[in-house]
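A.B. asks: Sending over a structure as structure tokens; questions will come in a sec.
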Amino acid sequence: MPRANRHYLPHHVWHITHRCHRQQFLLKFARDRQAWMRWLYAARQRFGLCVLDYAVTSNHVHLLVRDQGRGEIARSMQLVAGRTAQAYNERKDRHGAFWEDRYHATAVESGEHLARCVVYIDLNMVRAGVVRHPGEWKAGGYREIQVAPERYRIVNRAELAEVLGIEEPSRLWRPATSMYVAPPDSRGPFSCLLPEFCDVTVAVPPREIQ
């Protein structure tokens, strides 16, 4: 269970990473990833959590949030992590830790650094070889950033547009798309951002995703 003694800076953006206990593939089933997203939506409704992007893999999650200065991040992490773990353990008649003891939070600057972070989060399962395009992975914020759903919105597109320096949230799909399709030799604003953020962590082999 994540501890709630973190100190966040109001209106700052944070990249939060939370791994399953001993990096076990406890989120490899779609129902468990969906449960995590349902509780993330609940956290937005209950505490006003400002979500800019997210991705749920089979053994860890990425969450990009903007602090509103009300203690909502710590309370949201307790809610989402706790309820997800509880449901999984009850279904599996399992005891013991579901998550690593502490989640990791890194401050993210606005502008180019933030754009790199969004790319890094959205391409997590592409790097793992599970999908060929971020839009194919349902347990992430990419689709929402591209086209806002009519119901159960998790990503705050207006806040994301603001910190990215985009005037209208309706234009998010254009720069977001260019992040992923720009060729390596492109001189666009998001070209050459991916290599610095790539790592060799494989979330789970494609055959294990269900």
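A.B. asks: Can you spot a residue in segment 147-159 that is surrounded by 16 or more Cβ atoms within 10 Å (Cβ to Cβ), outside any loop (DSSP other than H, G, I, E, B) and of a type in the set (Val, Ile, Thr)?
C.D. replies: yes
A.B. asks: So, one more: Check off (1) crowded, with 21+ Cβ neighbours inside 10 Å; (2) in contact (Cβ under 8 Å) with a residue 60 or more places away in the chain for Val65 and give me the number that stays unchecked.
C.D. replies: Unmet condition: (2).
A.B. asks: Can you confirm whether segment 95-109 contains a residue that is among the aliphatic types (A, V, I, L, M), exposed (fewer than 13 other Cβ atoms within 10 Å of the Cβ) and under 22 Å from Leu164 (Cβ atoms)?
C.D. replies: The answer is yes, given that some residue of segment 95-109 is among the aliphatic types (A, V, I, L, M), exposed (fewer than 13 other Cβ atoms within 10 Å of the Cβ) and under 22 Å from Leu164 (Cβ atoms).
A.B. asks: Looking only at residues in segment 120-136 that are within 11 Å of Leu64 (Cβ to Cβ) and either in contact with a helix residue (DSSP H, G or I) (Cβ under 8 Å, 6 or more places away or on another chain) or polar (S, T, N, Q) (or both), which one is surrounded by the fewest Cβ atoms within 10 Å (Cβ to Cβ)?
C.D. replies: In this case the residue turns out to be Tyr120.
Every number here is computed from the coordinates shown, using simple stated rules; none is lab data. For clarity, every value in this text was computed on a predicted model and none was experimentally measured. Cβ sites come from the backbone with ideal geometry, for glycine too, and all protein chains shown count toward neighbours.
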